[in-house]
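Some notes on the structure that comes next.
The values are calculated or read from the model by the stated rules, or taken from the named source; none is laboratory data. Everything numeric here is computed off the predicted structure, so don't read it as measured data. Here Cβ is always computed from backbone atoms with ideal geometry, including for glycine, and neighbour counts include all displayed protein chains.
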Amino acid sequence: MCHSKANRSVPSRSQGNACNSSKPKVKKDLKFCFWNVGGIVHGGMNKLDDDMFLSEIKAYDIILLAETHIGYNTPLSIDGYKYYPVCRPISGNGRYFGGLAIFIKQALKPHISLLVNSQKDFQWMKFDKSYFNFNHDLYLCLAYDPPAQSIYTKNLSTDILQLLEKDILHFKSKGDVLLCGDFNARCGNLLDFVSSDSTDHLPISNDNYPVDFNLNVRNSRDTTVDTRGKELIELCLGNQIRLLNGRTLGDSLGKYTCYNHMGTSVVDYLLASDSLMQNILYFNVSTFNPTLSDCHCKLSWKILSHHFLDIIPQPNSKVMGSKFKWQENSLRPFNQLCKIKTEKNLISHFDTSSDINELAVKLNEIYYQPLKNV
């Protein structure tokens with residue numbers, strides 16, 4: 001906050017600008033959410049125009065949506081975010097199915113790269129380790145794996161999980177891996193790591209054998225296991241990838257993520273390299289809201305990350321020239337002018353919870369208004 005000179009003159013133009021110097025904001029985490037929204041445009045209404053829907057997602061740095069059911073010709077926007085669509089071609093009956101939407105806060109975009117993709121049902125992103133203060137670059141994948149019995153899946157030349165595993169092997173050699181999405185897989189309570197793993201069973205010592213660490217056993221309210229679920233667990237076991245559902249602060253019980261006419265299930269997951277798990281601060285499955293999604297719950301999580309948001313311009317303080325000089329006869333008119341409704345309104349809305357830069361701007365405004373008339 002600026003202080004007046006020794007002769008009690010009001011700050012000069014240069015002093016006013018010093019108060020307005022932009023400062024990068026320090027952040028200690030990254031907030032993500034994933035949501036299968038079951039169509040972003042429904043009945044002619046865009047969910048991004050719904051204040052209730054926006055209030056559910058705008059608290060996050062990275063917003064990841066699945067089953068948007070739109071093409072590239074449908075623009076989406078959220079104030080303060082950069083939008084990246086991943087859309088399937090239009091179907092034979094003139095409709096769009098699947099589809100992914102990625103929203104990244106504008107200040108973070110220069111430090112996040114969207115990587116070239118081989119498939120329209122998942123998208124990889126790279127988070128720069130230097131900027132986010134990670135030990136390694138982070139490779140995040142947003143995925144939607146349609147039901148195994150769907151016509152779309154049966155017509156695929158290569159299974160989506162097989163394609164994902166190929167990419168996981170590639171990116172794990174470069175950094176940490178995080179996957180999120182609707183996998184349409186029911187894993188029950190199957191172990192996703194090798195219990196009591198060691199190298200004792202090997203005929204010769206092999207330092208290259210990756211030993212699995214014993215983890216907290218994962219819980220799940222959904223005890224059903226299907227074929228896709230077994231395949232997802234095999235992917236975890238073969239690549240030291242772990243499910244966060246049911247073993248992380250915020251979801252120790254393994255809450256249901258899907259509610260439909262068939263019942264309840266866990267099919268939406270967050271998966272991470274075991275080396276990354278210690279940096280996951282929480283993982284949460286939100287309460288199902290049928291007005292915002294057809295049958296899925298929002299997943300949200302926070303990752304430890306110490307970084308600075310790019311410099312954000314602060315509101316400009318009023319520039320006060322040298323003509324505002326405090327003199328002996330200034331006190332009385334100043335006090336009178338402070339009683340005017342405009343100034344009283346400014347004072348009544350002085351928010352002490354604001355950060356120091358905003359406080360300086362507001363205090364400057366309170367003093368500036370009456371001084372214009374002194």
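Does any residue of the stretch 83-92 turn out to be in contact (Cβ under 8 Å) with a residue 12 or more places away in the chain, of a type in the set (Gly, Ala, Ser) and not in a strand (DSSP E or B)? There is no residue in the stretch 83-92 that is in contact (Cβ under 8 Å) with a residue 12 or more places away in the chain, of a type in the set (Gly, Ala, Ser) and not in a strand (DSSP E or B).
Screening the stretch 237-297 for strands (runs of 3 or more DSSP E) wholly inside it with 2 or more residues that are within 13 Å of LEU178 (Cα to Cα) and in contact with an Asp or Glu (Cβ under 8 Å, 6 or more places away or on another chain) returns the ranges 241-243, 268-273. Taking (1) under 15 Å from PHE283 (Cβ atoms); (2) touching a Leu at 6+ places or on another chain (Cβ under 7 Å); (3) modelled with pLDDT of 95 or more in turn, ARG218 satisfies each apart from (3). Cβ-Cβ distances below 6 Å connect the following pairs, each with a first residue in the stretch 18-38 that is at negative phi and of a type in the set (S, T, N, Q), a second residue that is in a loop (DSSP other than H, G, I, E, B) and at pLDDT below 95, and a separation of six or more residues or different chains: ASN20/GLN314; ASN20/ASN316; ASN20/SER317; SER22/ILE311; SER22/PRO313; SER22/GLN314. When the residues of the stretch 277-335 are filtered to those that are more than 18 Å from the chain's Cα centre (by Cα) and among the small types (Gly, Ala, Ser), which remaining residue is modelled with the highest pLDDT? Checking each candidate, the answer is SER293.
Scanning the stretch 83-97 for residues that are basic (Lys, Arg) and either surrounded by 15 or more Cβ atoms within 10 Å (Cβ to Cβ) or not assigned by TED's automatic domain parsing to the domain that holds SER113 (or both) gives a single hit, ARG88.
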